[in-house]
Amino acid sequence: MTYFPLLAGKALSLSGDPRVFHIVQKMESTIKSVEDYTCEVEQTFYQDGSEEKRSNFRFYFKKGKKIRVDFTHPYPSLTIIYLAGEDKATVVPFRFMPLMKFRFSIQDSRLKTRAGQRIDQTDMEYFIQFIRKNLESTNQGDSEFRENQEESVFSLFALDYITGKNLEKYRIYLSKKIWLPTCIERYDLKGSPIETTAIRDYAINTHLDDRFFDP
């Protein structure tokens, strides 16, 4: 999938809801100011509408696309580290044995999510770029939007972020305190769930040391 830079200065298509465009600009502004962040993630994948697989992990990101994932379920001591521009990621099977490590291609199916997402496609910067691209290039039709004092919820139609070929629907729950997603739901056009990603306990700009991402 092509990497699309942030396009904060480019006018968005007028086919969608202006309120969603405004929120996307808030998200872009936020992610530009983020030097690093961590969060807890629960990712659930579905098959034929039923839950098939669930993963829990702590996600770490530092500007320049330095990524670390510490799994707690189903691999309670597995860590994956990725540094921007590399075609391989480092896998530490047991965090209590840090000298035992392996290098795998980011294209290796063992490092991809159940939906086929690569490690370099997992950070919020990438996802916000994905939203912007599809709001500009994909006909949105009737989209969902609601909000209260703490949260905004909106939907969009998007070509899938794996192949860029299949049209899907996303519902995004956004904290108005930090302007980052707290839940991302992904559906096929029949309304069957494909994937749900719940995100909580954000810690932003905590000055993560580069050594924390040392493979």
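The values are calculated or read from the model by the stated rules, or taken from the named source; none is laboratory data. The structure presented is a predicted model; accordingly, all values stated were derived computationally and were not measured. Cβ sites come from the backbone with ideal geometry, for glycine too, and all protein chains shown count toward neighbours.
Is it the case that residue 63 is of a type in the set (Lys, Arg), in contact with a strand residue (DSSP E or B) (Cβ under 7 Å, 6 or more places away or on another chain) and over 24 Å from residue 97 (Cα atoms)?
Values: of a type in the set (Lys, Arg): yes; in contact with a strand residue (DSSP E or B) (Cβ under 7 Å, 6 or more places away or on another chain): yes; over 24 Å from residue 97 (Cα atoms): yes.
The answer is yes for residue 63.
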Failed condition for residue 160, given (1) acidic (Asp, Glu); (2) loosely packed, with under 14 Cβ neighbours inside 10 Å; (3) under 17 Å from residue 195 (Cβ atoms) | (2)
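Looking at segment 73-88, can you tell me whether even one residue there is of a type in the set (Val, Ile, Thr), touching an Asp or Glu at 6+ places or on another chain (Cβ under 7 Å), without any contact (Cβ under 8 Å) to a residue 24 or more places away in the chain and surrounded by 13 or more Cβ atoms within 10 Å (Cβ to Cβ)?
Restricting attention to segment 73-88, the residues satisfying the condition of being of a type in the set (Val, Ile, Thr) are 79-81.
This time we only want the ones that are touching an Asp or Glu at 6+ places or on another chain (Cβ under 7 Å), so: 79.
In the following step, the residues that additionally are without any contact (Cβ under 8 Å) to a residue 24 or more places away in the chain were identified as 79.
So of that shortlist, the ones also surrounded by 13 or more Cβ atoms within 10 Å (Cβ to Cβ) come out as 79.
Looking for residues that are of a type in the set (Val, Ile, Thr), touching an Asp or Glu at 6+ places or on another chain (Cβ under 7 Å), without any contact (Cβ under 8 Å) to a residue 24 or more places away in the chain and surrounded by 13 or more Cβ atoms within 10 Å (Cβ to Cβ), one finds at least one in segment 73-88, hence yes.
Residues are listed down the side, and each one gets a yes or a no for (1) over 20 Å from residue 21 (Cα atoms); (2) modelled with pLDDT of 95 or more; (3) assigned to a helix (DSSP H, G or I); (4) of a type outside the set (Lys, Arg):
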site	(1), (2), (3), (4)
116	yes, no, no, yes
128	no, yes, yes, yes
181	no, yes, no, yes
185	no, yes, no, yes
194	yes, no, no, yes
So which of 195, 150, 168, 185 is exposed (fewer than 14 other Cβ atoms within 10 Å of the Cβ) and of a type in the set (Asp, Glu)?
-> 150
Where residue 136 falls short, out of the listed (1) touching a strand residue (DSSP E or B) at 6+ places or on another chain (Cβ under 7 Å); (2) among the charged types (D, E, K, R); (3) closer than 26 Å to residue 37 by Cβ | (1)
Consider only pairs whose beta carbons are under 8 Å apart and that are at least six residues apart or on different chains; among these, list those whose first residue lies in segment 5-33 and is closer than 15 Å to residue 63 by Cβ and polar (S, T, N, Q) and whose second residue is surrounded by 12 or more Cβ atoms within 10 Å (Cβ to Cβ) and modelled with pLDDT of 90 or more.
-> 29/179; 30/178; 30/179; 30/180
Go through segment 99-114 and give me each residue that's modelled with pLDDT of 95 or more, more than 20 Å from residue 65 (Cα to Cα) and of a type in the set (Lys, Arg).
-> 101
